[in-house]
1. When the residues of segment 75-119 are filtered to those that are over 20 Å from residue 18 (Cβ atoms) and aliphatic (A, V, I, L, M), which remaining residue is surrounded by the most Cβ atoms within 10 Å (Cβ to Cβ)?
2. Could you tell me whether any residue of segment 15-28 is part of a loop (DSSP other than H, G, I, E, B) and in contact with an Asp or Glu (Cβ under 6 Å, 6 or more places away or on another chain)?
3. Check off (1) surrounded by fewer than 17 Cβ atoms within 10 Å (Cβ to Cβ); (2) farther than 23 Å from residue 121 by Cα; (3) not β-branched (Val, Ile, Thr) for residue 19 and give me the number that stays unchecked.
4. How many residues, within segment 43-67, are modelled with pLDDT of 80 or more and closer than 22 Å to residue 124 by Cβ?
5. Within segment 63-115, how many residues turn out to be over 27 Å from residue 143 (Cβ atoms), without any contact (Cβ under 8 Å) to a residue 40 or more places away in the chain and either assigned to a helix (DSSP H, G or I) or β-branched (Val, Ile, Thr) (or both)?
6. Return a yes/no flag: does segment 126-140 have any residue that is over 14 Å from the mean Cα position of the chain (by Cα), without any contact (Cβ under 8 Å) to a residue 40 or more places away in the chain, surrounded by fewer than 16 Cβ atoms within 10 Å (Cβ to Cβ) and assigned to a helix (DSSP H, G or I).
7. What are the pairs, 6+ residues apart or on separate chains, where a residue within segment 8-19 that is closer than 18 Å to residue 30 by Cα has its Cβ under 6 Å from a residue that is of a type in the set (Ser, Thr, Tyr) and surrounded by 13 or more Cβ atoms within 10 Å (Cβ to Cβ)?
Amino acid sequence: MTHSPAISLAVALEAGDWGDVEVIEALALEALEAAVHDLATIEAQPFPEEPPEVSLVLADDAMMADINRQWRNQPKPTNVLSFPAFPLVPGGNPGPMLGDIILARETIEREADDLGKSAQEHLAHLIIHGLLHLFGYDHIENNDAEKMETIETRILTSLGLSDPYGDTEPV
């Protein structure tokens, strides 16, 4: 019997006007499932029998600035923060709880507008980006950034979305 990787999602609306949370949950599940499928097949990421859980926290810029100040000593909002439940290195086997992905509505909308993309497309990208952080991927060093961006782009392409890094240096 072949095990199909899956993800369990819990969504918490903590701050901000996110509109229809069910629409965001459906978008998030689609993005997360595509990412998990990619990691399981192309990246040969092992997965447990039970789908690991991700918590998606919907915040506003004020809440995100407070979290960013508290955990990263940066008193400003950012688009996405990820907090792994347990340390995981790329290729490691996740436990039952992957961690939290926190998103800031105003920052995401502002960035999407600056990029000329829909907020939903940018949101899907940031959810995938956050999930990869939960799986131990990072972008501090250029070679790590290139690997992470390649995976993100491949997943986004599988969803019919554009390359967010087209013709740019790794972040």
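The values are calculated or read from the model by the stated rules, or taken from the named source; none is laboratory data. It should be emphasised that the depicted structure is a prediction, and the values quoted were computed from it without experimental measurement. With ideal geometry, Cβ positions are generated from the backbone for all residues, glycine too; neighbour counts draw on all protein chains shown.
1. Looking at residues that are over 20 Å from residue 18 (Cβ atoms) and aliphatic (A, V, I, L, M), I get 98.
2. Step one: list which residues in segment 15-28 are part of a loop (DSSP other than H, G, I, E, B), which gives 15-20.
Keeping just the survivors that are in contact with an Asp or Glu (Cβ under 6 Å, 6 or more places away or on another chain) gives 15-16.
Yes - at least one qualifying residue is present in segment 15-28.
3. Residue 19 satisfies all of (1) surrounded by fewer than 17 Cβ atoms within 10 Å (Cβ to Cβ); (2) farther than 23 Å from residue 121 by Cα; (3) not β-branched (Val, Ile, Thr) except (2).
4. Looking only at segment 43-67, we keep the residues that are modelled with pLDDT of 80 or more, and these are 51-67.
Filter once more, keeping what is closer than 22 Å to residue 124 by Cβ: 51-61, 63-64, 67.
Within segment 43-67, residues that are modelled with pLDDT of 80 or more and closer than 22 Å to residue 124 by Cβ number 14.
5. Qualifying residue count, segment 63-115: 11.
6. Checking segment 126-140: not a single residue is over 14 Å from the mean Cα position of the chain (by Cα), without any contact (Cβ under 8 Å) to a residue 40 or more places away in the chain, surrounded by fewer than 16 Cβ atoms within 10 Å (Cβ to Cβ) and assigned to a helix (DSSP H, G or I).
7. Filtered contacts from segment 8-19: 10/55.
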